[in-house]
Amino acid sequence: MVVTRFAPSPNGSLHLGHALSAIVSHDLARGPNGRFLVRIEDIDGPRSRPELADEFRRDLAWLGLEWEEVPAQSTRLDTYHAAAQRLLHDGLLYPCTCTRKQIEALQPRIGPEGLVYPGTCKGRLLDPAKPAALRLDVERAMAQVGEVVWEDAVAGTQIADPRESGDVVIVRKDTPASYHLAATIDDAADGVTLVTRGQDLFHASHVHRVLQALLGLPVPRWHHHGLLVDEGGAKLAKRRNSPSLADRRKAGEDGLLLAEQLRLHKFPAGISLASAYI
Ligand code: GLU
Ligand code: ZN
């Protein structure tokens, strides 16, 4: 049985890249007993606009997709908190009170998620009045986990090594989780067997595989698909001015036809599929 999921964050409208991602995920679950889940990842603090979840549902239905919706992340904060406490208790997390500005000032290395935290707060006594995030002590985590592998349908077998991303945030200052912790816990809780998402999140799977090992969670397979890019090779991010799915839907475009074209890799002018964006 294949269980896939599409997990959009309601902090901006969906665009063509999301449509492709949802279709890939939906179609990979098409066999007998397959299940295609949708999970709203709504823990981005003030950036999260829950009203967008309804727009997403209308967009997906317009594309002709059928899905089962699983609980949104905002309903699972207690579960994330409990898992983070366990990691903290095991000495795998440490508090960090640094602001982004302070980290930038240290001119750290740039990794797949942007600035790589140079570990300034590790082992330090911190001002308890300052809000603190909790970061993964990646070296310690790796020492505990040893060599673990994960399987990507496109890229093949990978040895989990999240060190390139550094000591990533596991608990944010404003939320009892980060994307990494919440997505890892949810994929296990939702019974996802095939995690599908764009290649821009390939690096995250190294982190998630290590978290699965630390938390004793079941290990799915992954399928990181190519990304839609514009003429300049930049991915179609929500911020760029390509029309959103909602814009297209409201303008009367045929969603079923669009979905078929995306399946055939026929893209609007200026948009193409970058197959290796790792
Ligand atoms: N919520 C993430 C996003 O919209 C996707 C996470 C995932 O597929 O793991 O970028
Ligand atoms: Zn710090």
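Quick note: the coordinates plus some simple rules give every number you see, no bench work behind them. What you see is a predicted model; the values in this text were computed from it and never measured. With ideal geometry, Cβ positions are generated from the backbone for all residues, glycine too; neighbour counts draw on all protein chains shown.
Side notes on the structure shown:
- DSSP-defined beta bridges in the stretch 105-246 - what % are antiparallel, rounded to 5: 60
- Shape of the stretch 98-253, Cα gyration tensor, a/c cut at 1.5: oblate
- Contact order normalised by residue count of the chain, Cα under 8 Å, 6+ apart, percent: 23
- Counting only residues at least eight positions apart within a chain, or on another chain, the lysines with an alpha carbon under 18 Å from that of LYS235 are LYS266.
- Karplus-derived 3J(HN,Hα) values for the stretch 157-162, using 6.51 cos²θ - 1.76 cosθ + 1.60 with θ = phi - 60°, are 6, 10, 8, 5, 8, x Hz; glycine and proline are entered as x.
- Relative to its Kirkwood radius, the Cα radius of gyration of the stretch 77-184 gives an Rg/Rh of 0.98.
- Between 0 and 90°, nearest 10: helix 179-189 axis offset from the chain longest Cα axis: 70
- Counted charge near PHE6, where neighbours are those whose Cβ lies closer than 9 Å (Asp, Glu -1; Lys, Arg +1): +3
- The GluC sites (Glu not before Pro) of the stretch 24-108 that DSSP puts in a loop, and whose beta carbon has at most 10 other beta carbons within 10 Å, are GLU51, GLU66.
- Rounded is the label for the stretch 148-229, because a/c, from the alpha-carbon gyration tensor with a ≥ b ≥ c as root eigenvalues, stays below 1.5.
- When both bridge partners sit in the chain, DSSP labels roughly 55% of those beta bridges antiparallel.
- For the stretch 24-90: rounded, prolate or oblate by the Cα gyration tensor [a/c cutoff 1.5]: oblate
- Partners for LYS122 among lysines (Cα-Cα distance below 24 Å; same-chain residues under 8 apart left out): LYS101, LYS130, LYS173
- Sorting ASP254, ASP54 by the number of Cβ atoms found within 10 Å of their own Cβ, with the fewest placed first, yields ASP54, ASP254.
- Geometric extent, Cα atoms of the chain - Rg, Dmax (angstrom): 19.1, 59
- Cleavage-rule hits (GluC sites (Glu not before Pro)) in the stretch 192-278: DSSP loop, at most 12 neighbouring Cβ within 10 angstrom: GLU231
- Ranking of VAL195, VAL3 by count of other Cβ atoms within 10 Å, fewest first: VAL3, VAL195
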